Amino acid sequence: MNIVIPNSTDNPEAAVKFALFVTNPANQLAFSKQANTLPSTTTTLADPYFQATDDAPALDRARAISATQLDRAEVLVPPLPEIKQLQRILYTQLQAVMLDQATIEEALNTAEAEWNALSQIP
């Protein structure tokens with residue numbers, strides 16, 4: 001997840017305040033608890049919510065394991081020159097399924113056809 005402030009914004013000060021609000025440790029903790037995500041701040045990661053004992057419920061242990069692995073995390077996006085086009089194809093088809101404009105099978109078939117057509121362009 002990213003927060004971006006375009007150069008062309010009419011309210012750069014308000015945008016920065018909002019970004020700082022969203023990314024401060026207390027709000028990161030609240031968001032992580034609500035959305036079941038890992039935080040983007042190391043301060044928040046140190047909160048007991050991201051730690052668990054061996055006898056804790058499975059979900060709490062899983063969260064703690066995930067949190068301890070963040071320092072070794074890597075972006076798992078394949079280094080393809082056409083990755084942006086592939087993402088556009090997949091996101092468009094995912095949106096079609098979510099809007100009931102296509103079945104999962106139809107979306108997969110369309111994505112496959114579009115990707116195959118794109119990957120054959122010299």
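Every number in this text was worked out from the coordinates using simple rules, so none of it is lab data. Please read these numbers as outputs of a predicted model, since none were measured by experiment. Note that each Cβ is placed from the backbone with ideal geometry, even for glycine, and that neighbours are counted across all protein chains shown.
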Starting from the exponent 0.38 and prefactor 2.2 Å, build the expected Rg for the chain from its residue count and divide its actual Cα Rg by it.
1.45
For region 1-47 and region 65-105, compute the distance between their C-alpha centroids and round to whole Å.
22 Å
Dipole magnitude of the chain about its Cα centre, charges +1 at Lys/Arg Cβ and -1 at Asp/Glu Cβ only, in debye to the nearest 20?
320 debye
Give me Rg over Rh for region 12-72, both radii from the alpha carbons and Rh done the Kirkwood way, two decimal places.
1.07
Once both axes come from the Cα atoms, what is the angle between helix 12-23 and the longest principal axis of the chain, in degrees from 0 to 90, rounded to 10?
70 degrees
Could you list the GluC sites (Glu not before Pro) in region 1-93 that lie in coil according to DSSP, counting only those with at most 11 other Cβ atoms within 10 Å of their Cβ?
Glu74
Expressed in nm to one decimal, what extension gain is obtained for the pair Ala35 and Glu105 from 0.36 nm per residue of sequence separation less their Cα-Cα distance?
22.3 nm
Calculate how steeply helix 25-35 sits against the longest principal axis of the alpha-carbon atoms of the chain, using the helix alpha-carbon long axis, and give the answer as 0 to 90 degrees to the nearest 10.
60 degrees
